[in-house]
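Scroll down for the structure; my scribbles are underneath it.
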Amino acid sequence: NAGVTQTPKFRILKIGQSMTLQCTQDMNHNYMYWYRQDPGMGLKLIYYSVGAGITDKGEVPNGYNVSRSTTEDFPLRLELAAPSQTSVYFCASSLSRDYTFGSGTRLTVV
Amino acid sequence: DAKTTQPPSMDCAEGRAANLPCNHSTISGNEYVYWYRQIHSQGPQYIIHGLKNNETNEMASLIITEDRKSSTLILPHATLRDTAVYYCIVRDDDYKLSFGAGTTVTVRA
């Protein structure tokens, strides 16, 4: 039982490049979330999903897209990377009350 | 979701109890109080949650005042590994967690 797995752990992007942050959970959780955390700050919700085929915007969705074709996977897409997207990205899943977080992806846009 | 107020930082001696306060004066009847912690740059870790009654698990105890406007997380015997940022979160049934700045707890030997 791996929990929530995020790949890659680190990535450097050039401005304007695109990439997909992968997130997979093996706990059969319905709810999945993407957060970003800037240095010294709390986590901010980007997108979330309440089940396969259903996604919704969080607090800071601009510049990102998501999809949820299966219960297990919830990838986050950055289409045109900008320096403001330099951050640590956390994926999480939950069945009802408590969240399980992945170990994060540290992204730098230069 | 209701807002929470936590002290930005606090120190604790190793082996002593750590009492972390949280104010949530605008909490409504169906909102739960959750506590998470984040050690260094890892993903946040669930600690405990409660609605009205006090709760205890293997990690901590949660004391919620009768009017539910504040709560205290108690780490009974703090260790160096408890050094982390602790987040108090109030959440209703929409399954989204909103993280504030939290309290940076430093456990000292």
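Summary of computed values
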| item | result |
| --- | --- |
| Those strands (runs of 3 or more DSSP E) lying entirely in the stretch B:53-96 with at least 3 residues exposed (fewer than 13 other Cβ atoms within 10 Å of the Cβ) | none |
| Among (1) surrounded by 18 or more Cβ atoms within 10 Å (Cβ to Cβ); (2) more than 11 Å from chain B (Cβ to nearest Cβ) - the single one A:GLU72 does not satisfy | (1) |
| Within the stretch A:76-110, considering residues that are surrounded by fewer than 18 Cβ atoms within 10 Å (Cβ to Cβ) and within 16 Å of A:ASN30 (Cα to Cα), the one farthest from the other protein chains (Cβ to nearest Cβ) | A:LEU95 |
| Every residue from the stretch A:20-46 that is aromatic (Phe, Trp, Tyr) and away from chain B (no Cβ under 11 Å) | A:TRP34 |
| Yes/no for A:THR5 being open to solvent by 20 Å² or more (accessible area, probe 1.4 Å), under 15 Å from the mean Cα position of the chain (by Cα) and within 14 Å of chain B (Cβ to nearest Cβ) | yes |
| Test: residue in the stretch B:100-107 that is closer than 18 Å to A:ASP98 by Cα, within 13 Å of chain A (Cβ to nearest Cβ) and open to solvent by less than 50 Å² (accessible area, probe 1.4 Å) | yes |
| Odd one out for A:VAL60, checked against (1) more than 19 Å from B:ALA101 (Cα to Cα); (2) surrounded by 12 or more Cβ atoms within 10 Å (Cβ to Cβ) | (1) |
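The values are calculated or read from the model by the stated rules, or taken from the named source; none is laboratory data. Since this is a predicted model, take the numbers as computed values, not measurements. Don't worry about glycine lacking a Cβ; one is built from the backbone with ideal geometry, like all the others, and counts go over all protein chains shown. Surface accessibility is based on the protein's heavy atoms, side chains included, excluding ligands, DNA and RNA. Shrake-Rupley method; radii C 1.70, N 1.55, O 1.52, S 1.80 Å.
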